[in-house]
Structures are given as C-alpha cells and as structure tokens.
Amino acid sequence: MSLLESYVFNVSSKFISQASPQNQTVLITLLNTIGKRPSDSNKDAIPPINVATGTVVASPFSDLQQQWQEALSRPVAKKNGLDEATKELIHRAIAANQRQIDATLQHVQEMGSLIARAKIAAHSSPLQAQLLAHYRIVQEHYVAYLAQLQLFQERKFSLLKS
C-alpha cells in the first residue's frame, strides 16, 4: 500500500462514520479508486502486488466497503421512548424546576405586597417614586423568570410524553 493510500485510509476511517449513509457509500467508492489508474474497463486495472512476497494484495478499502454496506443494509432499531435512567433525570429536573417556580411565585407576591405598602406608607416624593419603580422592576424580573421556568417545565413534560 502506498503512503498516500495509507494516509487517506487512516484519515477517512476516522470521519466516514460521521457522514450520512448515502455519503458513506460515495466516500467508500471514492476510496476504492485511490491509487488505481483510470481506464475504460476494470480488466486493464493492475492489482497492487506485495513486493516482498510477489502476491496480489486486496485493497484495504474493499473490506471496509463490505462492512459499511452490511451495516447500512441492516434496519435501524429505534427505541420507543426513553430509558428509565433518562426518565428519572427528567423527573428530577421537573421537581427542581417546580421548586424554583414556587419560590419565584412567592417572590412575585412579596414584591406585590411591598409595592402596596410603599404606596400606602410613603409620602409623595421623588424617593417614593424611585422605590416603587425599583420594586416594579424587580417584580417584572421575577415574572419574566417565572415565564422561562414554566416554559422549561412544559418542555420537560413533553419529553416524557414523546
């Protein structure tokens, strides 16, 4: 095997599995042509010969091509659903997320009561306006965070249903 063939074989064998099945077949066919002389028919092709023994050497790509063709011809077995370990992780994430939702709801309610108290107790002043604005911004932050948590929760539940 020539140095070029050896290099191409080593590099391609590492990356061929990442290609789509159609591209794998194309790549394997391409690899089988490396080092061969272009001719009108396969009769004229000169097979590689081991210089030390004088015997004809089969292309290293023919075995690889056969293995890939066999692998691609087998049906892909898809699992229906998630395995138990994954389901358990999702359930844990849902529980932790629910705790965050509950805490965030509590914070939103606390900010609402702070806003109400600030409106009643404070005098009409620039300081009162700043305090109310600050409380409203904090409350809006919690409401936005709550929306994100609820979306995350919906996604986790949808994973369990699929």
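The values are calculated or read from the model by the stated rules, or taken from the named source; none is laboratory data. The model shown is predicted, which means the values in this text are computed figures rather than measured ones. Here Cβ is always computed from backbone atoms with ideal geometry, including for glycine, and neighbour counts include all displayed protein chains. For accessibility, only protein heavy atoms count, side chains too; no ligands or nucleic acids. Shrake-Rupley method; radii C 1.70, N 1.55, O 1.52, S 1.80 Å.
Before moving on, here are some points about what is shown:
- Output for the range 122-162, where each listed residue is among the small types (Gly, Ala, Ser) and open to solvent by 80 Å² or more (accessible area, probe 1.4 Å): Ser124, Ser162
Residues checked against (1) in contact with a Ser or Thr (Cβ under 6 Å, 6 or more places away or on another chain); (2) assigned to a helix (DSSP H, G or I); (3) over 20 Å from Leu105 (Cβ atoms):
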residue	(1), (2), (3)
Leu127	no, yes, yes
Leu131	no, yes, yes
Ile137	no, yes, no
Tyr142	yes, yes, no
Gln150	no, yes, no
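- Considering the conditions (1) modelled with pLDDT of 90 or more; (2) open to solvent by 90 Å² or more (accessible area, probe 1.4 Å); (3) over 32 Å from the mean Cα position of the chain (by Cα), Arg92 is excluded by exactly one of them, (3).
- The number of residues in the range 116-162 that are farther than 30 Å from Ala96 by Cβ and of a type in the set (Lys, Arg) comes to 2.
- Test for Ala71: is it within 25 Å of Tyr7 (Cβ to Cβ), modelled with pLDDT of 75 or more and small (Gly, Ala, Ser): yes
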